[in-house]
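In what follows, a single structure is set out as structure tokens and then discussed.
No lab work stands behind these numbers, since they all come straight from the coordinates. Note that the structure is a prediction, hence the values are computed from the model and not measured. Because the Cβ atoms are built from the backbone with ideal geometry, glycine has one as well, and the counts that use them run over all protein chains shown.
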Amino acid sequence: MNRQPFVCSVRPLVTAVVAACALGLPAVSFASEQAIGQVSLLIGVARVIHMDGSSEPLRRGAPIQVGDRVETSANGHVHLRFIDNGAVSVRPDSVLEVQAYRYDADKPHANEVRLKVEQGTSRSISGAATEVDKNRFRLNTPIAAIGVRGTDFIVHTDAKGMRATVADGAIVVGALGGSCSATGLGPCSGSDSRVLSADMGRLMAEVRPGDRVARVVPIGNAAEAATGGAEERVAALHAAESAARTAAQQAADAKGFAQMRDSDRSAADVLAIISPSAVNLNSRPEQTAQLAWGHWGIGATTNDNVSMPYAFARLGRDVTPAHDSKYGTLFRATDPANSDGLLHNSTDAKVDFRLSRAMATFETGSRTEAANVDGGTLTLDFSKRTFATALALSSATGGKAELRAAGDVAADGTFAVRDAAQKVSGAVSFDSKEVGYLFERSVIGGLFRGKTLWGR
């Protein structure tokens with residue numbers, strides 16, 4: 001693969017720091033003059049392969065240089081921030097190469113940004129390098145070229161083709177070949193290219209192997225359903241990324257991906273999803289538990305062994321705001337000594353909870369099937385009254401998906417966050433030793449729903 005040599009001067013670095021301060025963003029310090037970016041967030045396992053062929057595990061704060069190739073594992077997720085305040089997210093099982101990155105605020109027409117997503121999913125927000133001249137940016141995949149018009153977009157590429165969606169602004173997508181060269185900058189011109197903008201609604205740009213013309217098609221239509229769930233992963237990325245409420249995770253916050261760039265909470269480090277320690281998570285809790293799920297109907301919903309009839313769940317417990325007419329209500333043990341109904345202060349400032357019970361279903365249309373919770377992580381920071389959680393979900397029809405959420409915990413121990421694609425609603429026991437929450441995670445083609453219980 002061709003990698004262009006690059007020399008980054010000190011001047012653009014200083015200019016970028018000044019620009020970041022003007023935008024109210026924290027300044028980024030880079031390890032060397034050759035660094036054109038750094039790892040601002042790392043979840044799970046990822047590595048970087050340098051231009052000379054050497055490789056090393058990625059770490060938070062590591063510098064990124066032109067020619068670097070970032071590879072994420074199945075649980076890896078990397079955020080990169082560049083000298084012009086541009087940002088890129090590299091999702092699990094993905095490969096991104098920085099082929100060129102030149103930025104000088106005094107010479108905007110000499111700026112150059114060229115990235116390549118070789119496989120997997122990535123989200124990109126363009127920075128100052130392309131503000132003056134949008135033709136100085138290019139993102140390539142093995143079969144397609146993407147130019148921007150001031151934008152925030154997601155691209156997924158695999159053996160079945162390339163799909164892209166736009167969160168803000170617009171992109172121009174063209175199939176590589178002929179006059180559309182991978183070595184070019186900016187969008188490929190001509191009748192074979194297609195424009196996709198955020199205000200066009202639920203549409204995506206698509207190029208399949210052998211295509212000479214890009215297409216703009218509805219997300220979720222029958223034609224693209226055969227691509228094996230790639231669009232689900234793209235949609236999942238929209239939710240996960242737009243949920244970056246804190247740097248702890250990709251959380252439920254409509255302000256979106258921009259906060260990922262300027263947040264720096266260390267709780268993100270706990271969000272590598274781990275396998276459950278219990279053999280069977282879908283099992284009934286003990287009657288003496290502080291938290292219990294109760295179902296109001298005659299019988300529990302599909303695949304639910306976690307809840308009990310509400311008449312038993314309410315014994316010594318009160319209803320919490322975590323309620324769903326189908327999936328039940330979370331009951332919390334009362335504390336006669338706690339007349340104000342406030343959460344007790346934990347002796348530990350930050351606690352990693354263990355997933356002890358969980359159930360899930362996948363709903364598509366009128367059909368509901370059993371789903372799995374394959375692992376999870378939950379951290380509560382009692383000193384800051386915040387939480388961060390992640391779940392790995394799967395089902396036969398829905399495939400694999402991730403829920404990642406974070407937010408504030410109220411004084412009474414309840415919490416709730418949501419965005420367009422996911423929500424979490426739950427409560428902490430008054431003794432701060434148990435947590436439970438309802439969740440929803442929408443994907444292309446359906447909805448994962450379920451509930452969890454956690455303990456220390």
Check: Which whole-angstrom value gives the distance between the alpha carbon centres of region 47-63 and region 146-211?
Finding: 28
Checklist line | Spin-label model distance (nm) - residue 315 vs residue 408, 7 Å beyond Cα toward Cβ | finding: 3.8
Notebook entry, point to check: Ranking 103, 327 by Cβ neighbours within 10 Å, fewest first, what do you get?
Noted result: 327, 103
Next item on the list: Could you calculate the contour length gain from residue 369 to residue 325, that is, 0.36 nm times the residue separation minus the distance between their Cα atoms, to one decimal place in nm?
Entry: 14.0 nm
Notebook entry, point to check: What list of ³J(HN,Hα) couplings, whole Hz, do you get for region 311-327 from phi and the Karplus terms 6.51, -1.76, 1.60, once you set θ to phi - 60° and write x for glycine and proline?
Noted result: 4, 8, 5, 7, 5, x, 10, 10, 5, 10, x, 6, 9, 9, 4, 9, 9
